1. Could you provide, to the nearest whole Å², the per residue accessible area of the chain with probe 1.4 Å?
2. Looking at the chain as a GNM with Cα springs under 10 Å, which of Lys69, Lys20, Lys135 has the largest mean-square fluctuation?
3. Return the long-range amide H neighbours of Ile262 (sequence gap of 5 or more, or a different chain), with a cut-off of under 5 Å between placed amide H atoms.
4. For region 14-69, build the charge dipole from Cβ charges (+1 Lys, Arg; -1 Asp, Glu) around the Cα centre, then report which of Leu32, Thr14, Cys52 sits farthest towards its positive end.
5. Tell me the mean residue ellipticity at 222 nm calculated for the chain from its helices only (DSSP H runs of n ≥ 4, each -39500 (n - 2.57), averaged over every residue, nearest 500).
6. Taking only Cα atoms and a 10 Å spring cutoff, compute GNM fluctuations for the chain and point out the largest among Pro99, Pro175, Pro27.
7. Where the Cα atoms of region 73-182 are projected onto their three principal axes, how long is each span, largest first, in whole Å?
8. Please list, in chain and number order, the residues 5+ apart from Tyr55 or on another chain whose amide H is under 5 Å from its amide H, with Hs placed from the backbone.
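The values are calculated or read from the model by the stated rules, or taken from the named source; none is laboratory data. Everything numeric here is computed off the predicted structure, so don't read it as measured data. Neighbour counts run over all protein chains shown; Cβ positions are idealised from the backbone, glycine included. Surface accessibility is based on the protein's heavy atoms, side chains included, excluding ligands, DNA and RNA. Shrake-Rupley method; radii C 1.70, N 1.55, O 1.52, S 1.80 Å.
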Amino acid sequence: MKLLQDVSSVRNFTQKQTAKQEIGLVPTMGALHRGHRALLEASLQNNDLTICSIYVNPTQFNNPDDLDKYPRTLEHDLKFLEEVGCDAVFCPPNQVMYPKKEQQLLQLSFGHLDKILEGQHRPGHFSGVGLVVSKLLNIVQPRRAYFGQKDLQQLAIIRQMVREFCISVEIMSVPIVREASGLALSSRNQRLSSEEKQVATQLYRTLLFAQQQYEIGIDLTTIKQQVLDRLSRDTGIRVEYFEVVRIDDFHLIEEADKSGAIAFCVAAYVGDVRLIDNIIVPPAKSTQQEH
Ligand code: PAF
């Protein structure tokens, strides 16, 4: 596996490939786990070459403490990528991604998409995500790029950005990978104690409960109240939001919409670790899960 650390070595590597060879990019912030493995395997299956990027992007952290505490496990990650069969890894230092530190950063705005859920609770987060993902796409110029459905709003933002900037890439989404307990895999789980991990499983159980209630026709206002009641009973969980969005346009909804897919989305603190999770509920008469 090639280790690439600056823009020109990525370009040399990609330009050596013939025009017919398709490149898949898996952007990550490292601390790789089975969720990343699913992204890498999807890329390895669909492309001639797979490049994984590992970069803890400072501009998407609105909380400096969160950035400091974000797990960094490069040695383990490189071994993990070798084992999966990844062709190259791009691990740029900060000065490669943000060479003019003193300059004002470009600010990206995504309309209603960055005003709700994660956007509302993490100001500037999606501008930073958009900035770094557009840089990575421009540097690697992949045919396809892979993102997990755990960050559902991020996926919607990236799709919008790629459309608006006419970036020639196919954005591929990969379903959430969960532990046997239901806990969605996340690099942040490394910071949970075993008791906190147990508490955190309540998030997915509550999403499943919300889905069941929705499917038997309970209205969304009642479901939201039931969910907040359930989660607030669980000491050790501090809910930041629980909302329902329409998948099509990622608008918040207050009333059932059985004609299209919807998603229940939650963000909560377990101890001092902020976790997000979601569940997509397909339209009533379809078994297709679109996203
Ligand atoms: O989902 C992530 O890990 C990050 O937000 C991403 C897409 C790698 C950008 O830093």
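1. With the other protein chains kept in place, the chain gives 49 Å² per residue.
2. Looking only at Lys69, Lys20, Lys135, the biggest GNM fluctuation is shown by Lys20.
3. Close amide H contacts, sequence-distant or interchain: Ile247, Val281.
4. Thr14
5. So the helix-based figure for the chain works out to -12000 deg cm²/dmol.
6. Pro99
7. In descending order, the Cα extents are 40, 38, 27 Å.
8. Thr28, Met29, Gly30
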